[in-house]
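Trainee: Can you keep this structure in mind? I'll have questions shortly.
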Amino acid sequence: MAFQPQAPWEGRAYEAAVEARDSAHAPYSRFCVGAALVADGHVVRGMNLENRSFGATLCAERVAAAAAWSMGWRQWEGMAIAAEEAIVPCGICLQFLAEWAPDLPLLLINLADGTEQRRTVDEFLPYRFIGKRLIQ
Ligand SMILES: [Zn+2]
């Protein structure tokens with residue numbers, strides 16, 4: 001069944017996430033992920049960028065979020081994430097996104113079976129690091 005958007009931002013983000021996946025640099029895991037963040041009406045792509053020093057690897061979600069931030073686009077509507085299986089953003093990415101958009105809708109695209117899941121950042125990481133003492 002063809003993808004049926006349930007929010008205005010989802011249609012463009014779905015396509016962009018799938019396309020962004022083709023630009024992933026994943027020679028070590030061979031697990032390519034694409035992300036697309038709709039920010040201030042723009043669609044910002046991200047893809048996982050692996051590094052032979054594994055700790056330097058960037059996930060697709062953080063690439064897209066950092067790119068949007070660098071452009072000054074701070075009104076985030078939603079993010080689509082595409083992979084060859086059902087995935088959830090990693091804890092680092094959820095924490096990263098929660099800094100600015102804990103209620104950000106996430107559209108998780110499973111390209112293998114053509115299904116999607118919808119959740120918010122907060123639903124995946126309700127007990128994230130808040131650090132209230134950092135803000136005085
Ligand atoms: Zn991640």
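The values are calculated or read from the model by the stated rules, or taken from the named source; none is laboratory data. It should be emphasised that the depicted structure is a prediction, and the values quoted were computed from it without experimental measurement. Positions of Cβ are generated from backbone atoms using ideal geometry, with glycine treated the same way; all protein chains shown enter the neighbour counts. Accessible surface is based on the protein model in full, side chains and every heavy atom, while ligands, DNA and RNA are left aside. Shrake-Rupley method; radii C 1.70, N 1.55, O 1.52, S 1.80 Å.
Trainee: Compute the longest continuous run of the chain that contains no exposed GluC sites (Glu not before Pro); treat a site as exposed when its DSSP state is not H, G, I, E or B and it has at most 15 other Cβ atoms within 10 Å.
Mentor: Working: sites that count: Glu84, Glu85, Glu99.
The reported range is 1-83.
Trainee: Further question: Could you give me the ³J(HN,Hα) list for the stretch 106-115, computed from phi with Karplus coefficients 6.51, -1.76, 1.60 and θ = phi - 60°, whole Hz, x at Gly and Pro?
Mentor: Listing the rounded values in order: 10, 10, 9, 9, 9, 6, 5, 10, x, 9 Hz.
Trainee: Still on this structure, please answer the following. Of the trypsin sites (Lys or Arg not before Pro) in the stretch 11-114, which ones lie in a loop per DSSP and count no more than 15 other C-beta atoms within 10 Å?
Mentor: Arg30, Arg52, Arg74
Trainee: Compute the distribution of all C-alpha to C-alpha distances in the stretch 10-125, in bins of 10 Å from 0, and list the percent of pairs in each, rounded to whole numbers.
Mentor: Answer for the stretch 10-125: a P(r) of 16, 52, 29, 3 percent.
Trainee: Enter the accessible area of Phe129 (Å², nearest 10), with the probe set to 1.4 Å and all protein chains included.
Mentor: The accessible area of Phe129 comes to roughly 140 Å².
Trainee: Something else about it: If you take the Cα Rg of the stretch 49-106 and divide it by 2.2 N^0.38 Å, with N the number of residues, what do you get?
Mentor: 1.16
Trainee: Applying the Karplus parametrisation 6.51 cos²θ - 1.76 cosθ + 1.60 with θ = phi - 60° to the phi angles of the stretch 15-32, what ³J(HN,Hα) value in whole Hz is obtained for each residue in order, glycine and proline being reported as x?
Mentor: These are the phi-based 3J(HN,Hα) values: 4, 5, 5, 5, 5, 4, 4, 5, 9, 4, 10, 10, x, 8, 8, 6, 10, 8 Hz.
Trainee: What residue among Leu94, Leu107, Leu58 has the largest mean-square fluctuation in a Gaussian network model of the chain, using Cα springs under 10 Å?
Mentor: Judging by the Gaussian network model, the answer is Leu58.
Trainee: Also, quick follow-up: At 0.36 nm per residue, and after removing the present C-alpha to C-alpha distance, how many nm does the segment from Ala7 to Gln75 gain when stretched out fully?
Mentor: 22.9 nm
Trainee: Sticking with this one: Taking θ = phi - 60°, what integer Hz values does the Karplus form 6.51 cos²θ - 1.76 cosθ + 1.60 yield along the stretch 55-65, in sequence order, with x for Gly and Pro?
Mentor: Using θ = phi - 60°, the values come out as x, 8, 5, 10, 7, 4, 5, 6, 4, 5, 5 Hz.
Trainee: Here's another thing I want to ask about it. Leaving out ligands and nucleic acids, and using a 1.4 Å probe, what accessible area per residue does the chain come to in Å²?
Mentor: 58
Trainee: Okay, next question. How big is the accessible area of Ser70 in square angstrom, nearest 10, if you roll a 1.4 angstrom probe over the protein chains?
Mentor: Probe radius 1.4 Å; accessible area of Ser70 about 90 Å².
Trainee: Picking from Ala83, Ala60, Ala36, which is most flexible by a Gaussian network model of the chain using Cα springs under 10 Å?
Mentor: With Cα springs under 10 Å in the chain, the top fluctuation among Ala83, Ala60, Ala36 is at Ala83.
Trainee: Name the long-range amide H neighbours of Thr120: under 5 Å, sequence gap of 5 or more, or other chain; modelled H, no Pro or chain starts.
Mentor: Long-range HN contacts for Thr120: Leu106.
Trainee: Fully extended, how many nm does the chain gain between His42 and Arg30 (0.36 nm per residue separation, minus their Cα-Cα distance)? Numbers along the way, then the final one.
Mentor: Values: separation 12, 0.36 × 12 = 4.32 nm, distance 2.86 nm.
Full extension from His42 to Arg30 adds 1.5 nm.
Trainee: How high is the relative contact order of the chain, given as a whole-number percent (alpha carbon pairs under 8 Å, six or more residues apart)? Don't skip to the answer; put the middle values down first.
Mentor: On the way: 277 pairs, mean separation 27.0, N = 136.
Computed over the chain, the figure is 20 percent.
Trainee: While we're looking at this one, here's another question. Suppose we keep just the DSSP beta bridges with both residues in the chain; what percent of those would be antiparallel, to 5?
Mentor: Just about 75 percent of them are antiparallel.
Trainee: Let me ask you something else. Please compute the net charge surrounding Arg45, taking Lys and Arg as +1 and Asp and Glu as -1 over other residues with Cβ under 13 Å from its Cβ.
Mentor: -1
Trainee: Select from Ala67, Cys90, Thr120 the residue farthest towards the positive end of the dipole of the stretch 10-125; place +1 on Cβ of Lys and Arg, -1 on Cβ of Asp and Glu, and compute about the Cα centre.
Mentor: The listed residue farthest towards the positive side: Ala67.
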